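Everything below concerns the one structure shown next.
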Amino acid sequence: FRGGAELLFDGVKKHQVTLPCQPEPWDIRNLLKWIKHNLLKERPELFMQGESVRPGILVLINDADWELMGELDYKLQDQDNVLFISTLHGG
(Lines give C-alpha, C1' and ligand atoms only; values in the text may rest on other atoms or scores of the structure.)
Protein backbone atom coordinates (compact mmCIF):
# COMPACT_ATOMS: atom_id res chain seq x y z
CA PHE A 1 0.00 0.00 0.00
CA ARG A 2 1.44 3.36 -1.05
CA GLY A 3 0.45 6.97 -1.66
CA GLY A 4 -1.50 7.21 1.59
CA ALA A 5 -3.49 3.98 1.16
CA GLU A 6 -1.37 2.46 3.92
CA LEU A 7 -3.01 4.81 6.44
CA LEU A 8 -6.19 2.74 6.14
CA PHE A 9 -4.17 -0.34 7.15
CA ASP A 10 -2.63 0.93 10.41
CA GLY A 11 0.20 2.55 8.44
CA VAL A 12 1.58 -0.83 7.35
CA LYS A 13 2.85 -0.62 3.77
CA LYS A 14 3.73 -4.25 3.14
CA HIS A 15 1.72 -7.32 4.04
CA GLN A 16 2.95 -10.83 3.30
CA VAL A 17 -0.19 -12.96 3.24
CA THR A 18 -1.03 -16.61 2.76
CA LEU A 19 -4.58 -16.95 1.52
CA PRO A 20 -6.73 -19.80 2.82
CA CYS A 21 -7.39 -22.76 0.54
CA GLN A 22 -10.64 -22.67 -1.38
CA PRO A 23 -12.11 -24.80 -4.19
CA GLU A 24 -11.85 -22.04 -6.82
CA PRO A 25 -8.60 -20.22 -7.64
CA TRP A 26 -8.20 -16.85 -5.93
CA ASP A 27 -8.82 -13.83 -8.13
CA ILE A 28 -8.47 -10.13 -7.40
CA ARG A 29 -12.20 -9.83 -6.70
CA ASN A 30 -11.93 -12.38 -3.87
CA LEU A 31 -8.64 -10.88 -2.69
CA LEU A 32 -10.29 -7.49 -2.25
CA LYS A 33 -13.06 -9.05 -0.14
CA TRP A 34 -10.42 -10.81 1.95
CA ILE A 35 -8.43 -7.58 2.36
CA LYS A 36 -11.58 -5.70 3.43
CA HIS A 37 -12.38 -8.26 6.13
CA ASN A 38 -8.84 -9.06 7.31
CA LEU A 39 -6.53 -6.08 6.77
CA LEU A 40 -8.55 -2.89 6.33
CA LYS A 41 -8.72 -1.08 9.67
CA GLU A 42 -10.71 2.07 8.95
CA ARG A 43 -12.77 4.02 6.40
CA PRO A 44 -13.47 1.26 3.87
CA GLU A 45 -15.21 3.82 1.64
CA LEU A 46 -11.80 5.38 0.94
CA PHE A 47 -10.46 2.09 -0.42
CA MET A 48 -13.44 0.13 -1.79
CA GLN A 49 -16.38 1.04 -4.00
CA GLY A 50 -18.76 -1.85 -4.48
CA GLU A 51 -16.65 -4.96 -5.03
CA SER A 52 -13.69 -3.08 -6.53
CA VAL A 53 -11.23 -0.42 -5.44
CA ARG A 54 -12.52 3.10 -5.65
CA PRO A 55 -11.45 5.36 -8.51
CA GLY A 56 -8.09 6.91 -7.70
CA ILE A 57 -6.54 3.68 -6.42
CA LEU A 58 -3.97 2.38 -8.89
CA VAL A 59 -3.57 -1.40 -8.77
CA LEU A 60 -0.37 -3.05 -9.99
CA ILE A 61 0.08 -6.80 -10.31
CA ASN A 62 3.76 -7.74 -10.54
CA ASP A 63 4.49 -4.11 -11.57
CA ALA A 64 1.91 -4.13 -14.41
CA ASP A 65 -1.33 -2.15 -14.45
CA TRP A 66 -4.16 -4.48 -13.52
CA GLU A 67 -6.14 -3.26 -16.53
CA LEU A 68 -3.68 -5.23 -18.67
CA MET A 69 -4.10 -8.31 -16.49
CA GLY A 70 -7.91 -8.65 -16.43
CA GLU A 71 -8.64 -6.47 -13.39
CA LEU A 72 -11.01 -8.24 -10.95
CA ASP A 73 -10.88 -11.51 -12.89
CA TYR A 74 -7.09 -11.93 -12.74
CA LYS A 75 -6.28 -15.34 -11.20
CA LEU A 76 -3.64 -14.96 -8.52
CA GLN A 77 -0.46 -17.00 -8.80
CA ASP A 78 1.90 -18.03 -6.01
CA GLN A 79 4.28 -15.17 -5.15
CA ASP A 80 2.28 -12.49 -7.01
CA ASN A 81 2.96 -8.96 -5.84
CA VAL A 82 -0.18 -6.78 -5.73
CA LEU A 83 0.36 -3.09 -5.03
CA PHE A 84 -2.34 -0.52 -4.25
CA ILE A 85 -1.33 3.12 -4.72
CA SER A 86 -3.64 5.96 -3.80
CA THR A 87 -3.56 8.84 -6.28
CA LEU A 88 -6.10 10.78 -4.20
CA HIS A 89 -4.70 13.75 -2.33
CA GLY A 90 -6.33 16.31 -0.10
CA GLY A 91 -6.07 19.98 -0.75
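Put V12, V53, V82 in order of accessible area, highest first, and with a 1.4 Å probe you get V12, V82, V53.
Solvent exposure of the chain amounts to 65 Å² per residue of accessible area, where only protein heavy atoms count and the probe is 1.4 Å.
Cross-link partners of K41 among lysines, defined as those whose alpha carbon lies under 17 angstrom from its own and excluding same-chain residues fewer than eight positions apart: K13, K14, K33.
Please report Rg over Rh for the stretch 5-86, where both radii come from the alpha carbon positions and Rh follows the Kirkwood definition.
0.92
Over the chain, DSSP H runs of length four or greater, each weighted -39,500 (n - 2.57), average out per residue to a 222 nm ellipticity of -3500 deg cm²/dmol. The share of accessible area on the chain that comes from carbon and sulfur is 49 percent, using a 1.4 angstrom probe.
The values are calculated or read from the model by the stated rules, or taken from the named source; none is laboratory data. Remember, it's a predicted structure, so these values are computed and weren't measured experimentally. Side chains included, ligands, DNA and RNA excluded: accessible areas come from the protein's heavy atoms. Shrake-Rupley method; radii C 1.70, N 1.55, O 1.52, S 1.80 Å.
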